[in-house]
Amino acid sequence: MNTPFFRPRHPTPDTQPSAFRTYTILSVVLFLALFVGIMQGAVALSPLTVLNILLRAAGIALGPVTWQSADETILLELRLPRVLGGALVGAALATAGVLFQGLLRNPLADPYIIGTSAGAGFAATVAMLVLPPASILGFGSVALSAFVGGLLAVLLVYRLARVDGRCSPVTLLLAGVIVNAVLGYLGSLSILLFEGSEFRLRQVFTWLMGGIAVNDPRQLLAVGAIIVVGIIAAYGCAVSLNALTVGEEGAQALGVDLDREARRIIVLGALLTGAAVSVSGLIGFLGLAVPHILRLLVGSDHRRLLPTSALAGAALLVLADTAARSLAAPAELPVGIFTALLGGPIFLFLLRRNGRESGWR
Amino acid sequence: MAMNPGIHLQAVHFTYPSGFGLAGIDLSIGRGERVAILGPNGSGKTTLLKLMLGLLHPGSGTISFEGEDLGGMSRMARARAIAMVPQELLLPYSLTVREVVLLGRTPYLHRYRGPARVDLEAAQAAMAATDLLSAAGRPYNELSGGERQRVILAMALAQQPRLLLLDEPTRSLDLNHQIRMLSLIRDLNVTRGLTVVSSMHDLNLSSLYFGRLILLSSGRVVADGPPDTVIRPDTIQEVFGVSVLVYRHPALGIPWMTFAPDAGDLFSTREDASEAINP
């Protein structure tokens, strides 16, 4: 079944690369992705120019200005925020994916599974149809609605799934699927009902396909703060997520306060996903695949899985977004296409290399 | 009695929403005892273990552990003192033996700090005690049933508990592994003074390995004492509805049970035979 080339490899503490090496490689990959992301686009800039512009912006002028001021504007005001936004969104989605897969003990769980996608999608659709494009603190009405809608939907799912003060993963999963379906159709219905909404169809469709849009540095700052704090707090759930491997009762027998930890994980996952969605619309696949890819590479210990997934998710989305805005420039392709095109083959390669052992039972 | 170390249940009632449960359980298990809980399916063995573990809370009555009210203990303190070995453990994704055993250290871990040297040493010691050192790097999901059972035991030992609860530890094991498992548990009890309470199905193995048997029937304790006082034809007939012969093991002198000549004809003389088989 396994040729020597596709040798099954189970990442164990004995065989997996050292933590230092893993983090170094992932950091370098992320850094290169960020740099390529800033370089590439409708207008390609040379690496040296990019470096000089960045250094100059940081207050270090090394040589004469050899570039047009438009290049500087493009780089600092358009590309830099967008690339950073992409990195934040990718890290947030990958982290939320690990959180929900671990909590629900389900390999098909992704950041949207307990209601975020439909909640955010429905709210964003309604916002595009009826709300004026106002802006609060750098957030457009669509972004803000998506954020709030995603959180409200998760809250609804959590309340629906909570029976007698307890909330089992299976009920949570089912309630999420149902709320996602109902809200999804309500979104479609609202498009049909609103007069003149044909003109907005394309806008809604594009948003649902996902695309990174950072319109204001304040928005980047706010989203960045939520995501960075969320990722750090998520790391604090690693011990409980590991304990959850042995099931709910097993985790409780190990002293885990299951209700409190589940609430914490759900809130963090919803905040991370909501913040990501407010910047990027619904980017699929990444939050599902990145945790699987990293599980195959570093094993299932959440203390390693969480930070490595965040780094890899950031790098993957930056690269996918770069491809999305460069390949058909000046037109822009939906970034979701490229997260799947880049992440899919990596995932499949690793899955094949590991034989039947996907890391999941 | 409250000062007596060990675990003590006083007038404990517990009812599931379905109506099943335990009624009026009075039990006192001292430190260092080795106790088997016996009884038919649904008699409340697992429920009793979960009450002692603190996973379920009595509807009325009290459970005290080492003189302290079990319900008043913090989750962490409880998980450091009492460990449970479940019937089986299925992992949603693969972990190595070492990683699974290390999960036993959960009640000792800080949210933002990894396992310390003391945690790794405890896991190592637990694997040594269960003869798993050579399997430490193997994926749990690829192990045999007997090995898995030892891994689950090692995980519980890594908690460094003073009371070890086991839920039918020999279920689904072959004869050799049943003996190995029970010998291991007995050794842990004898050499470390670990208090052991285990639910069991096999009456003869219980007689062989446990000094005290507690027989449950429909949520009540119907017999409690050394094997001689529990493994008796009348008691077994009453609780399990099977007629047995009990004699003394020729070499060990412990009570030994086998089926009476008419035990295989449980339904043949009854008019409701077909109904009982096909309710």
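Here are the numbers for this structure:
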{"quantity": "Looking only at the range B:141-161, and only at residues there that are within 13 Å of chain A (Cβ to nearest Cβ) and assigned to a loop (DSSP other than H, G, I, E, B), the one that is nearest to the chain's Cα centre (by Cα)", "calculated": "B:Pro161"}
{"quantity": "Wholly enclosed helices (runs of 4 or more DSSP H) of the range A:45-138 bearing at least 1 residues loosely packed, with under 15 Cβ neighbours inside 10 Å", "calculated": "A:47-57, A:69-73, A:116-130"}
{"quantity": "Exclusive hit being in contact (Cβ under 8 Å) with a residue 40 or more places away in the chain, surrounded by fewer than 24 Cβ atoms within 10 Å (Cβ to Cβ), within 27 Å of B:Gly42 (Cβ to Cβ) and not hydrophobic (A, V, I, L, M, F, W, C), set B:Arg186, B:Arg148, B:Arg162", "calculated": "B:Arg148"}
{"quantity": "Residues within the range B:227-254 that are open to solvent by 70 Å² or more (accessible area, probe 1.4 Å) and assigned to a loop (DSSP other than H, G, I, E, B), tallied", "calculated": "4"}
{"quantity": "Residue under evaluation B:Thr96, criteria (1) in contact with a Leu (Cβ under 8 Å, 6 or more places away or on another chain); (2) at the interface with chain A (Cβ under 8 Å from one of its Cβ atoms), criterion not met", "calculated": "(1)"}
{"quantity": "Answer from A:Val157, A:Val223, A:Val256, A:Val177 - the residue that is open to solvent by 30 Å² or more (accessible area, probe 1.4 Å) and either hydrophobic (A, V, I, L, M, F, W, C) or away from every other protein chain (no Cβ under 14 Å) (or both)", "calculated": "A:Val177"}
{"quantity": "Selection count where residues are surrounded by fewer than 21 Cβ atoms within 10 Å (Cβ to Cβ) and in contact with a strand residue (DSSP E or B) (Cβ under 6 Å, 6 or more places away or on another chain), scope the range B:36-46", "calculated": "1"}
{"quantity": "Filter result for B:Arg180 (among the basic types (Lys, Arg), in a helix (DSSP H, G or I) and farther than 12 Å from B:Met84 by Cβ)", "calculated": "yes"}
{"quantity": "Hey, A:Gly236 out of contact with any helix residue (DSSP H, G or I) (no Cβ under 8 Å at 6 or more places or on another chain) and small (Gly, Ala, Ser) or not", "calculated": "yes"}
{"quantity": "Residue among A:Ile232, A:Ile283 that alone is among the β-branched types (Val, Ile, Thr), farther than 22 Å from B:Gln159 by Cβ and within 14 Å of chain B (Cβ to nearest Cβ)", "calculated": "A:Ile232"}
{"quantity": "Considering residues of the range B:60-85 that are surrounded by fewer than 21 Cβ atoms within 10 Å (Cβ to Cβ) and facing chain A (nearest Cβ under 7 Å) only, the residue farthest from B:Ile25 (Cα to Cα)", "calculated": "B:Met76"}
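The values are calculated or read from the model by the stated rules, or taken from the named source; none is laboratory data. Keep in mind that what you see is a predicted model, and the values were worked out from it rather than measured. Don't worry about glycine lacking a Cβ; one is built from the backbone with ideal geometry, like all the others, and counts go over all protein chains shown. Ligands, DNA and RNA are excluded from the accessible area calculation, which covers all protein heavy atoms including side chains. Shrake-Rupley method; radii C 1.70, N 1.55, O 1.52, S 1.80 Å.
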